[in-house]
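J.: Got a structure for you, questions after.
The values are calculated or read from the model by the stated rules, or taken from the named source; none is laboratory data. Since the model is a prediction, treat every value here as computed from it, not as a measurement. Quick reminder, even Gly has a Cβ in these numbers, built from the backbone with ideal geometry, and neighbours come from all protein chains shown. What goes into the accessible areas is simple: the full protein's heavy atoms, side chains included, and nothing from ligands, DNA or RNA. Shrake-Rupley method; radii C 1.70, N 1.55, O 1.52, S 1.80 Å.
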Amino acid sequence: MSSATVSNALSGKGRVSAAMAERVRRRADEIGFQPSMAARALKTGRSGILGLVMPDLSNPLFPKLAQSVEIAAKHAGYGVLIADSRGEASEQIDAIERLRQRGVDGIIIVPHRGTRPKVQSFPTALIHTPSDPFNTVSSDHAQGGRLAAQALLDLGHRQVLILGADRSSEVQRDRIAGMNAVLRGRAQSRILWDSDPADLLSDALRSGVTAVLTTSDLLALRVLSEAYQAEIRVPQDLSIIGFDDLPFGTVLRPALSTVTQDVGRIAGTAISHLQALIDDADAAPAPSAIPMTLTLRGSTAAAPSAPFQQGDPI
């Protein structure tokens, strides 16, 4: 057979009969033939590899997203090279350039907080937040914040503390904006940030707050710890909702109520967007905002009839 016939049979392209294709595949299996990615790259001008730039793989949220991207890329016929910015904005810039020099066909970037990386004239997908004008696909973080806040209102909570991780994070700000949009005029709320003095959180928990909305499960874990130290019962005296549904949330006692991102759908959409750009630079799909879901577990309950005050019997 000609090399073209063999190539078409193995790739499923071209006009090759089913019987002929089966003969070629059977013989390829017999001799252990594997396509050469390097040879294919020389012929097509494409490497078949995508780059993925992550902000900090030590954050327990991001390995799950990286795995989802790798799975979606595999289904689309791509391999993935992962670069970790290690929490440094300057390292993010270097990581993008390293991947470009390695000849990847496109790059997916999960930006370091407070940055808006732009890669000119190169297929790029950004997983960030809908308020970023350069965003490609992300969770609808504000909608997730609205879900969490509405759940507390439905449980009767009217004294709510909002705890954020980092003022520079657009994702954090969007989540809090969604919370505030629901609570405004319907409950008393106050915002604290993780960078604020630690005693402010302790004082707030003792001041009659009946519920805490956090922008991450890691912050929710901190609130659980502070409540335990102050002998405040969860959820009898205080309800807590986190964000991102990290694995430890289900093994805590009480288990953590949380808002969940559909990382599989986000990853698949990012890969599809990147494929469209690789095939036609002018065919960029519209940005996507993926709805979030709320899971209520043991850390939330109806608001107490009388808010907890320091000194109440446990």
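J.: Over all distinct alpha-carbon pairs, what is the Kirkwood Rh of segment 180-227 in angstrom? Write down the numbers at each step before the final one.
T.: On the way: mean 1/r = 0.0858 Å⁻¹.
Every distinct Cα pair counted, the radius reaches 11.7 Å.
J.: Shifting gears a bit: Just the number, please: carbon plus sulfur as a percent of the accessible area of the chain, 1.4 Å probe, no ligands or DNA/RNA counted. Before the final figure, lay out each step's value.
T.: Numbers: 7960 of 15650 Å².
Its accessible area is 51 percent carbon and sulfur atoms.
J.: What is the calculated FRET efficiency for SER168 to ARG27, with r their C-beta to C-beta distance and R₀ = 51 Å, to the nearest 0.05?
T.: On the way: r = 59 Å, r/R0 = 1.15.
Working from the Cβ atoms, E equals 0.30.
J.: How big is the equivalent ellipsoid of segment 179-314 along its three axes, where each semi-axis is √(5λ) from the Cα gyration tensor, reported in whole Å from largest to smallest?
T.: On the way: eigenvalues 283, 49, 36 Å².
Semi-axes (√(5λ), whole Å): 38, 16, 13.
J.: Bins of 10 Å, beginning at zero and ending with the bin holding the largest distance: percent of Cα pairs per bin for the chain, please.
T.: Histogramming the chain at 10 Å steps yields 6, 23, 26, 18, 13, 8, 5, 2, 0 percent.
J.: Quick check on packing: order 120-126, 168-174 by the mean number of other C-beta atoms within 10 Å, highest mean leading.
T.: Values: 120-126: 17.4, 168-174: 20.4.
Going from most to least packed, we get 168-174, 120-126.
J.: Can you compute the charge dipole magnitude of the chain about its Cα centre, using +1 on each Lys and Arg Cβ and -1 on each Asp and Glu Cβ, nothing else charged? Give it in debye, rounded to the nearest 20.
T.: On the way: 32 positive and 32 negative charges, 217 e Å.
Magnitude of the dipole: close to 1040 debye.
J.: Pick from GLY249, GLY298, GLY14: which residue has the top mean-square fluctuation in a GNM of the chain where Cα pairs under 10 Å get a spring?
T.: GLY14
J.: Per-residue counts of other Cβ atoms within 10 Å, averaged by peptide: what ranking do you get for 15-22, 26-33, highest first?
T.: Numbers: 15-22: 12.2, 26-33: 9.9.
So the peptides 15-22, 26-33, ranked by packing, come out 15-22, 26-33.
J.: Could you list log10 I(q)/I(0) for segment 61-214 at q = 0.15 Å⁻¹, which the Debye formula gives when each Cα is one point scatterer?
T.: -0.87
J.: Still on this model: Sort 235-247, 209-221, 152-164, 74-86 by packing, meaning the average of other beta carbons within 10 Å per residue, with the highest value first. List each step's numbers first, then the result.
T.: Values: 235-247: 23.2, 209-221: 25.7, 152-164: 19.8, 74-86: 16.2.
Those peptides, ordered most packed to least, come out 209-221, 235-247, 152-164, 74-86.
J.: Given a cut-off of under 8 Å on Cα pairs at least six residues apart, what relative contact order in percent is computed for the chain? Show your work: numbers first, answer last.
T.: On the way: 585 pairs, mean separation 53.4, N = 314.
17 percent.
J.: Taking 2.2 N^0.38 Å as the expected size of a compact globular protein, what ratio does the Cα radius of gyration of segment 141-235 give against it, to two decimals? Walk me through the intermediate numbers first.
T.: Numbers: Rg = 12.4 Å, N = 95, 2.2 N^0.38 = 12.4 Å.
Relative to the rule-of-thumb radius for its length, segment 141-235 sits at 1.00.
J.: Next question, about the same structure. Separation between the ALA284 and ARG98 pseudo-spin-labels, each 7 Å from Cα along Cα→Cβ, expressed in nm?
T.: Each label point lies 7 Å from its Cα, and together they span 2.6 nm.
J.: Leaving out ligands and nucleic acids, and using a 1.4 Å probe, what accessible area per residue does the chain come to in Å²? Before the final figure, lay out the partial values.
T.: Details: 15650 Å² over 314 residues.
Each residue of the chain exposes 50 Å² on average to a 1.4 Å probe.
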